[in-house]
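Worksheet: the structure to be examined is printed underneath.
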Amino acid sequence: MKEILEKLVSGKLDVDEAENLIKANNILEFDDIAKIDIKRNERAGFPEAVFSQSKDYEDLLLIIERYLESGDDDLILTRLSPERYERILSDLGENSFIFDYNKRAQILIIRKEVTKKDPIAKIGIITAGTSDINVAEEARVIVEEGGCEAITSYDIGVAGIHRLFPQIAHMVKEGVKVFIVCAGMEGALPSVVAGLVDVPVIGVPTSVGYGVGKGGRVALDAMLQSCAPGIAVVNIDNGFGAGVFALSIVKTD
C-alpha cells in the first residue's frame with residue numbers, strides 16, 4: 001500500500017492505476033488454494049464468508065490461519081459440520097480468538113474481538129415448519145452478524161394458519177423492516193405473509209418435501225410464481241443469501 005501511494009505521489013502512477021493496484025493488493029492468495037478478499041466488508045458491507053462443506057480439511061485450516069493473520073474482520077464459515085468444528089477448535093483453540101458456532105445452522109464465526117452496538121434495524125424470520133429451522137437459523141446468524149436484531153417465529157405455516165397472524169402482528173408492532181420466510185413442501189407461506197405486510201419479503205425455499213416436492217424445487221417455483229407483490233426469492237436452502245440480502249435492504253433504508 002505504501003509503495004503504491006509513493007508511486008502515486010511521485011507521478012509514476014495515475015489515480016486509476018493506483019486504484020486498480022490497491023484493489024488487487026486486497027486479494028490474498030494462499031498457496032494456490034484460495035483467493036480471500038480481506039477488504040470485502042469495507043467494499044460490500046459484509047465480511048468474507050467461506051463455504052466449508054466440500055473443502056479438504058487441511059486447505060480449510062490453512063485458509064483460516066492465513067486470514068486471521070492478515071484480516072481485521074470476522075471470518076464466517078458456512079456449512080461447517082460439528083465434527084469439523086471440533087477439529088478446528090482443537091487446532092486453533094490456543095489462539096486468542098472467539099469461536100461462535102451455531103450447530104443447527106452449521107455456521108462458525110471467528111472473531112478477534114466482540115463489540116456491542118445498538119441494532120441498526122429489526123428483521124423478522126419465519127418458518128413454515130420445524131424442518132425449516134436450520135435454514136432460518138443460518139439467516140438469523142447472518143442478520144445478527146450484520147448488526148440487526150432478529151425476531152424469530154418458527155413452525156407457523158399454512159397447515160395451521162391461525163398460528164401465523166398473531167406472530168405477524170407482533171413483528172409489525174416491533175417495526176421489522178424485512179421478513180425472511182422459509183418454507184418447503186408447496187412453499188406457500190411467503191405469499192401469505194407478503195399479502196399481510198407493507199415491507200419486503202424474502203422467500204427461502206427449503207429442500208423439505210417428498211414426491212414431486214422432493215429437493216425444494218416445487219417450493220422454489222411456487223415462490224417465483226407468487227401472485228403477492230413485494231417478494232424476492234433466493235436459492236433453495238440459501239439462508240445465508242437471504243440474510244445478506246435483508247441486510248442490504250435495511251442498510252439502504
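Overview of results
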read-out: From 199, 208, residue being under 29 Å from residue 101 (Cβ atoms) and either out of contact with any Asp or Glu (no Cβ under 8 Å at 6 or more places or on another chain) or hydrophobic (A, V, I, L, M, F, W, C) (or both); value: 208
read-out: Whichever residue in region 102-159 is of a type in the set (D, E, K, R) and part of a loop (DSSP other than H, G, I, E, B) and, among such residues, is nearest to residue 209 (Cα to Cα); value: 155
read-out: Residue, surrounded by the fewest Cβ atoms within 10 Å (Cβ to Cβ), within region 118-145, restricted to residues that are touching a Gly at 6+ places or on another chain (Cβ under 7 Å) and among the small types (Gly, Ala, Ser); value: 131
read-out: Of all residues in region 151-162 being among the small types (Gly, Ala, Ser) and surrounded by fewer than 22 Cβ atoms within 10 Å (Cβ to Cβ), the one that is nearest to the chain's Cα centre (by Cα); value: 153
read-out: Hey, residue 87 basic (Lys, Arg) and at pLDDT 85 or above or not; value: yes
read-out: Residue 191 being polar (S, T, N, Q) and part of a helix (DSSP H, G or I); value: yes
read-out: Complete set of residues in region 210-226 that are assigned to a loop (DSSP other than H, G, I, E, B) and under 20 Å from residue 180 (Cβ atoms); value: 225, 226
read-out: Output for region 207-253, where each listed residue is crowded, with 19+ Cβ neighbours inside 10 Å, under 21 Å from residue 144 (Cα atoms) and of a type in the set (S, T, N, Q); value: 238
read-out: Unique match (being more than 21 Å from residue 246 (Cβ to Cβ), assigned by TED's automatic domain parsing to the domain that holds residue 209 and at pLDDT 85 or above) among 99, 165; value: 165
read-out: Filter result for residue 184 (at pLDDT below 90 and either closer than 19 Å to residue 239 by Cβ or of a type in the set (D, E, K, R) (or both)); value: no
read-out: Of the criteria (1) surrounded by fewer than 24 Cβ atoms within 10 Å (Cβ to Cβ); (2) in contact with a helix residue (DSSP H, G or I) (Cβ under 6 Å, 6 or more places away or on another chain); (3) aromatic (Phe, Trp, Tyr), which one residue 179 fails; value: (1)
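The values are calculated or read from the model by the stated rules, or taken from the named source; none is laboratory data. Please read all numbers here as calculations on a predicted model, not as lab measurements. Glycine also receives a Cβ, built like all others from the backbone with ideal geometry; neighbour counts cover every protein chain displayed.
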